[in-house]
Amino acid sequence: MRKDLLSDKTVGLKPSGIRRFFDIVAEMSDAISLGVGEPDFDTPWHIRDEGIYSLEKGRTFYTSNSGLKELKMEVAAYMKRSQNIDYHYNHEIFITVGGSEAIDLMMRAMLNPGDEVLIPQPSYVSYEPCAILADAVPVIIELKNENRFRLTAEELEAAITPASKILVLPFPNNPTGAIMEKEDLEAIAEVVIRHDLYVLSDEIYGELTYSGKKHVSIASLPGMKERTVVVNGFSKAYAMTGWRLGYACGPEEIISQMIKIHQYCIMCAPTTSQYAAVEALRNGDEDVRMMRESYDQRRRFVLHMLEQMGIPCFEPEGAFYVFPCISEFGMTSDEFATKLLQEEKVAIVPGTAFGDCGEGYLRISYAYSIDNLKKALTRLERFVTKLRAKNS
Amino acid sequence: MNTLKERILTIIEKNSRINTSELAIMLGTEEEEITCALAEMEADGIICGYHTMVNWDKTGIEKVTALIEVRVTPQRGQGFDNIAERIFKYPEVDTVYLMSGGYDLMVILEGKSLKEVAGFVSNKLSTLDTVIGTTTHFILKKYKDHGTIMTKKDVDIREIVTP
């Protein structure tokens with residue numbers, strides 16, 4: 001085998017923390033999991049039905065590179081009614097294979113070697129590797145519990161250098177459940193504009209916010225549409241993870257370059273999924289409302305149980321995760337999660353899977369039935385009671 | 001109807017065994033409010049009972065369910081109400097609906113055997129003065145009942161850990 005068989009850049013990427021944990025969990029057949037980053041609902045039947053119908057009708061060909069016209073128009077209508085932003089369906093919107101593809105493409109379309117990408121963490125696992133693969137330098141901003149894991153203008157300002165180019169804004173956040181409200185975003189937008197930055201706003205959990213706080217897109221603020229690429233998709237809001245469908249909205253100049261890469265690497269997003277997604281955007285509001293209500297009930301339930309256990313946790317207002325602090329037990333997140341898995345057979349992802357600053361935290365997903373949550377959290381309670389007895 | 005009541009109903013319609021303190025936590029309110037709302041809805045006849053979904057097929061106990069279409073002559077001043085009442089008073093009758101379309105009343109009946117159901121139809125139902133005719137259908141298999149799928153258990157097929 002030749003010595004230079006593999007790409008140094010790829011080999012140098014850190015293996016995913018989730019993957020490592022998955023390999024341990026996979027050994028245990030009877031573990032209960034609170035580790036899943038996707039809805040527990042099936043895709044609503046009327047949406048699946050449209051997918052099936054499209055197959056029956058023989059819609060089995062490529063669509064245009066940028067996606068079905070009907071779907072792009074529905075996305076434009078959705079951005080208008082949810083955020084009051086006008087995007088031209090043909091020049092400023094295109095359909096991707098999940099939000100993940102859009103993240104990768106925006107970075108590759110915009111970054112030159114040495115450019116810096118500002119990435120708040122804890123956050124989803126793909127921003128850092130995508131930045132590295134695009135030859136850029138990831139600069140991590142550590143979000144703080146005392147700020148409820150929101151990004152502040154001061155934190156952003158402190159991380160900016162002359163090489164800074166893109167700010168990733170991952171809210172509502174996986175794994176913390178944090179959201180950014182309008183005032184928070186206004187402060188960020190001011191810094192972004194002053195330093196001539198661009199924003200990758202990952203709004204995949206945008207439909208899942210609670211306590212009556214509606215998600216606000218930074219692109220809806222004055223002067224921000226022209227420097228933001230909004231990444232969104234169907235996975236979380238419509239429980240369509242396996243359909244692999246997302247989209248990007250942004251300035252034509254950037255979108256057209258993203259489409260160029262997409263057309264060479266992907267051709268087009270899956271046709272069946274695109275037909276199903278048209279139905280989701282046209283007639284799916286009630287499903288989203290129902291699922292949101294159900295997540296909210298479970299969110300309160302989990303927070304209440306954690307409170308009873310005396311495990312500190314800020315109140316997350318988005319996505320479907322809570323991010324409790326377990327530093328009192330004197331173990332790393334990894335040790336805690338591994339021990340919990342071995343002793344009580346409950347799989348919870350350590351906070352460090354989402355960045356080093358997730359140390360001392362766990363990500364609990366509440367995309368599970370109340371019964372399942374109760375069972376798993378009762379085991380967690382037994383585990384921490386034992387630990388406290390031992391430590392005291 | 002206020003939204004709290006609606007939310008309570010949505011939850012207990014699927015799981016009536018959930019207790020009031022859990023309901024209070026899930027809905028972000030006080031337990032007293034839940035107890036109060038439940039009592040009100042019981043008094044108003046909005047909540048008519050707390051039942052258990054049983055899949056009798058799995059118990060080995062023989063049960064026969066029949067759906068009977070009944071055509072009747074409505075009575076002056078009473079419409080269908082009187083005759084419906086005469087039918088629903090029989091304890092073996094499970095459900096009675098007034099229907100639009102080809103027949104008037106739909107009666108769902110549970111009996112121990114085919115013979116028992118047949119006996120009810122021929123001796124009790126058909127002999128009522130106002131009943132013109134009946135058509136009896138036997139239910140062969142319940143796939144879904146009251147929004148619950150009876151034929152298979154929900155299994156979580158998601159990967160156990162995902163980002």
query = What is the magnitude of the charge dipole of segment B:56-141 about its Cα centre, with +1 placed on the Cβ of each Lys and Arg, -1 on the Cβ of each Asp and Glu, and no other charges, expressed in debye to the nearest 20?
reply = 100 debye
inquiry  = If I build a Gaussian network model for chain B, linking alpha-carbon pairs within less than 10 angstrom, which residue out of B:I18, B:I87, B:I68 has the largest mean-square fluctuation?
reply    = B:I18
inquiry  = Need one value for B:151-161: mean number of C-beta atoms belonging to other chains within 10 Å of its residues' C-beta atoms.
reply    = 6
ask   = Counting only protein heavy atoms, what percent of the accessible surface of chain A is carbon or sulfur at a 1.4 Å probe?
value = 51 percent
ask   = Hey, got the average number of other protein chain Cβ atoms within 10 angstrom for residues in B:22-30?
value = 5
message = With unit charges on the beta carbons (Lys and Arg positive, Asp and Glu negative) and the dipole taken about the Cα centre of chain A, which residue among A:Q342, A:F354, A:Q83 sits farthest to the positive side?
response = A:Q342
remark   = Total charge of the residues flanking A:A109 in space, meaning their Cβ is under 15 Å from its Cβ, with Lys and Arg +1 and Asp and Glu -1, is -3
task = In nm, give the distance between the simple-model label positions of B:V155 and A:Q308, each being 7 Å from the Cα along the Cα-to-Cβ direction.
result = 3.1 nm
query = Using alpha carbon centroids, what distance separates segment A:118-134 and segment A:16-66, in Å?
reply = 23 Å
query = Using the Kirkwood formula over every pair of different C-alpha atoms, what hydrodynamic radius in Å results for segment A:137-288?
reply = 16.8 Å
key: Considering only chain A, percent of DSSP beta bridges that pair antiparallel, nearest 5   = 40 percent
ask   = With springs only between Cα atoms under 10 Å, which of A:V322, A:V230, A:V25 fluctuates most in a Gaussian network model of chain A?
value = A:V25
query = When only DSSP loop residues count, what trypsin sites (Lys or Arg not before Pro) in segment B:1-97 have their Cβ near at most 15 other Cβ atoms within 10 Å?
reply = B:R17, B:K63, B:R76, B:K89
query = Under a point-charge model restricted to the Cβ atoms of Lys and Arg (+1) and Asp and Glu (-1), what is the dipole moment magnitude of the protein assembly as shown relative to its Cα centre, in debye to the nearest 20?
reply = 1500 debye
task = Estimate the FRET efficiency between B:H51 and B:H137 by the formula 1/(1 + (r/R0)^6), using the beta-carbon distance for r and 35 Å for R0, to the nearest 0.05.
result = 0.90
ask   = Measuring from label point to label point, each 7 Å out along Cα→Cβ, what is the A:H88 to A:R48 span in nm?
value = 4.0 nm
ask   = How long is the gain from B:S100 to B:E6 if the chain were fully straight, where each residue apart is worth 0.36 nm and the alpha carbon distance is subtracted?
value = 31.0 nm
inquiry  = Test of the criteria: in segment A:1-101, which chymotrypsin sites (Phe, Trp or Tyr not before Pro) are in a DSSP loop and have at most 12 other Cβ atoms within 10 angstrom of their Cβ?
reply    = A:F61, A:Y62
inquiry  = Mean-square fluctuation check for chain B, GNM, Cα pairs under 10 Å: which of B:E92, B:E62, B:E42 is largest?
reply    = B:E42
inquiry  = Through the Karplus equation 6.51 cos²θ - 1.76 cosθ + 1.60, θ set to phi - 60°, convert the phi angles of segment A:246-260 into ³J(HN,Hα) values in whole Hz; use x for Gly and Pro.
reply    = x, 7, 10, 10, x, x, 3, 4, 7, 4, 5, 6, 5, 5, 4
inquiry  = For Cα pairs less than 8 Å apart in space and 6+ apart in sequence, what is the mean separation divided by the residue count of chain A, i.e. the relative contact order in percent?
reply    = 24 percent
ask   = How large is the charge dipole for segment A:1-121, taken about the Cα centre, if only the Cβ atoms of Lys, Arg (+1) and Asp, Glu (-1) carry charge, to the nearest 20 debye?
value = 400 debye
key: For A:I140, distant residues with modelled amide H under 5 Å away   = A:I119
Highest-first arrangement of B:110-122, A:64-76, where packing means the average Cβ count within 10 Å = A:64-76, B:110-122
query = Going from most exposed to least, what order do B:K144, A:K225 have by accessible area with a 1.4 Å probe?
reply = B:K144, A:K225
task = Mind checking which of A:Y321, A:A280, A:G242 is farthest towards the positive end of chain A's charge dipole, using Cβ charges of +1 (Lys, Arg) and -1 (Asp, Glu) about the Cα centre?
result = A:G242
inquiry  = Quick check: Cα centre of segment A:145-173 to Cα centre of segment A:193-224, how many Å?
reply    = 13 Å
request  = Mind checking which of B:A39, B:T29, B:I12 is farthest towards the positive end of segment B:3-43's charge dipole, using Cβ charges of +1 (Lys, Arg) and -1 (Asp, Glu) about the Cα centre?
outcome  = B:I12
ask   = A:L167's amide H: which non-local residues (gap 5+, or another chain) put their own amide H closer than 5 Å, with H modeled 1.01 Å from N in plane and none for Pro or chain starts?
value = A:L118, A:Y198, A:V199, A:L200
request  = For segment A:352-392 and segment B:107-163, compute the distance between their C-alpha centroids and round to whole Å.
outcome  = 44 Å
ask   = If you bin every alpha carbon distance in chain A into 10 Å steps from zero, what whole percent lands in each bin?
value = 5, 23, 32, 26, 12, 2, 0
task = At 0.36 nm per residue, minus the direct Cα-Cα distance, what do A:S16 and A:K386 gain on full extension? Give it in nm, one decimal, please.
result = 130.2 nm
Full-extension gain in nm, B:R17 to B:K63, via 0.36 nm per residue minus C-alpha separation = 14.0 nm
message = Over segment A:269-377, what is the relative contact order in percent, taking alpha-carbon pairs closer than 8 angstrom and at least six residues apart?
response = 23 percent
Virtual spin-label span in nm between B:A43 and A:N65, 7 Å along Cα→Cβ = 6.9 nm
task = May I ask you to derive the relative contact order of chain B, considering only C-alpha pairs under 8 Å and at least 6 residues apart, and to give it as an integer percent?
result = 20 percent
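The values are calculated or read from the model by the stated rules, or taken from the named source; none is laboratory data. The shown structure was predicted, so the numbers you read here are calculated from the model rather than taken from an experiment. No Cβ is skipped: glycine too gets one built from the backbone with ideal geometry, and neighbour counts run over all protein chains shown. These area figures cover heavy atoms from the full protein model, side chains too; ligands, DNA and RNA do not enter into them. Shrake-Rupley method; radii C 1.70, N 1.55, O 1.52, S 1.80 Å.
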